[in-house]
Amino acid sequence: MEVKIIRSPDRKKTIQAKMVGETLVVHLPLGMHRKEERKIIQRMKEKIEKKKLKKQINKDDYLIKRFDEFNSKYFQGKLKVNSIEFVTNQQRNRGSCTPARGTIRISHRLLDMPKWVLDYVIMHEMTHLVHPNHSKEFWAKVGEYKYTERARGFLMAKGMEEEIESNCDDE
Ligand SMILES: [Zn+2]
């Protein structure tokens, strides 16, 4: 990504960044330290790259297809969801579900993992639509997906399973 810096003589000017074609144009107030500038530019770059990635990954309707498939296979087609999408801002969680709003978010990090792990997370979050807590009934339902144990082991090895246990319902 090419970067063009425009330094404004106005010191009170706020920092702005936007893509112009393939170039990232960053407006900075004059008089910043170069080190600080570099940090800001790096952050802007990451932000824009994440945005781009998010757009890309959500173009594929993989999540909706899986949702429909699991819905009829495990939930007699009774589940309803307002949105199910990949997100890039979940550094700690691998997924989350907000049953009251019917929204499911899946971390884009799952895209680098085997499909059966991603599918387990989809199943896990879908089950929260009916069982908000990690109750016995919850795990019995999630366990109907045949790779649940394997996927949990996989995620535990990556240190990603425990985190979700305490986080996924707390929104
Ligand atoms: Zn959960």
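The values are calculated or read from the model by the stated rules, or taken from the named source; none is laboratory data. In this text, all values refer to a predicted model and were calculated from it rather than measured experimentally. Don't worry about glycine lacking a Cβ; one is built from the backbone with ideal geometry, like all the others, and counts go over all protein chains shown. All accessible areas refer to the heavy atoms of the entire protein, side chains included, with ligands and DNA or RNA removed. Shrake-Rupley method; radii C 1.70, N 1.55, O 1.52, S 1.80 Å.
Here is how the numbers come out for the structure above:
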| read-out | value |
| --- | --- |
| Filtered residue count, segment 92-120, keeping only those that are aliphatic (A, V, I, L, M), within 16 Å of the ligand (Cβ to nearest atom) and farther than 17 Å from F70 by Cα | 2 |
| Those residues of segment 130-140 which are assigned to a loop (DSSP other than H, G, I, E, B) and within 11 Å of the ligand (Cβ to nearest atom), in sequence order | H131, P132, N133, H134, S135 |
| Residue within segment 44-61 that is open to solvent by 90 Å² or more (accessible area, probe 1.4 Å) and either farther than 30 Å from I106 by Cβ or β-branched (V, I, T) (or both) present | no |
| Enumeration of residues in segment 50-79 that are more than 20 Å from the chain's Cα centre (by Cα) and polar (S, T, N, Q) | N71, S72, Q76 |
| Among (1) buried (at least 17 other Cβ atoms within 10 Å of the Cβ); (2) away from the ligand (no atom under 13 Å from the Cβ); (3) in a loop (DSSP other than H, G, I, E, B), the one test that F154 misses | (3) |
| Count - residues of segment 140-151 that are open to solvent by less than 60 Å² (accessible area, probe 1.4 Å) and either closer than 16 Å to N93 by Cβ or of a type in the set (F, W, Y) (or both) | 2 |
| Residues within segment 1-35 that are of a type in the set (G, A, S) and assigned to a strand (DSSP E or B), tallied | 2 |
| Neighbours by Cβ (under 6 Å, 6+ apart or cross-chain): first from segment 58-73, outside the structural domain of D119 (by TED's automatic domain parsing) and of a type in the set (G, A, S); second modelled with pLDDT of 90 or more and surrounded by 12 or more Cβ atoms within 10 Å (Cβ to Cβ) | none |
| Considering residues of segment 125-138 that are among the charged types (D, E, K, R) and out of contact with any strand residue (DSSP E or B) (no Cβ under 6 Å at 6 or more places or on another chain) only, the residue surrounded by the most Cβ atoms within 10 Å (Cβ to Cβ) | E137 |
| Test result for R38, open to solvent by 70 Å² or more (accessible area, probe 1.4 Å), part of a strand (DSSP E or B) and not assigned by TED's automatic domain parsing to the domain that holds Y147 | no |
| Meets criteria (part of a loop (DSSP other than H, G, I, E, B), of a type outside the set (D, E, K, R) and either assigned by TED's automatic domain parsing to the domain that holds A151 or within 16 Å of the ligand (Cβ to nearest atom) (or both)) for N89 | yes |
| Hits in segment 76-124 - residues which are of a type in the set (F, W, Y) and either in contact (Cβ under 8 Å) with a residue 60 or more places away in the chain or surrounded by fewer than 17 Cβ atoms within 10 Å (Cβ to Cβ) (or both) | W116 |
| Selection within segment 1-19 - basic (K, R) and open to solvent by 90 Å² or more (accessible area, probe 1.4 Å) | K4, R11, K12, K18 |
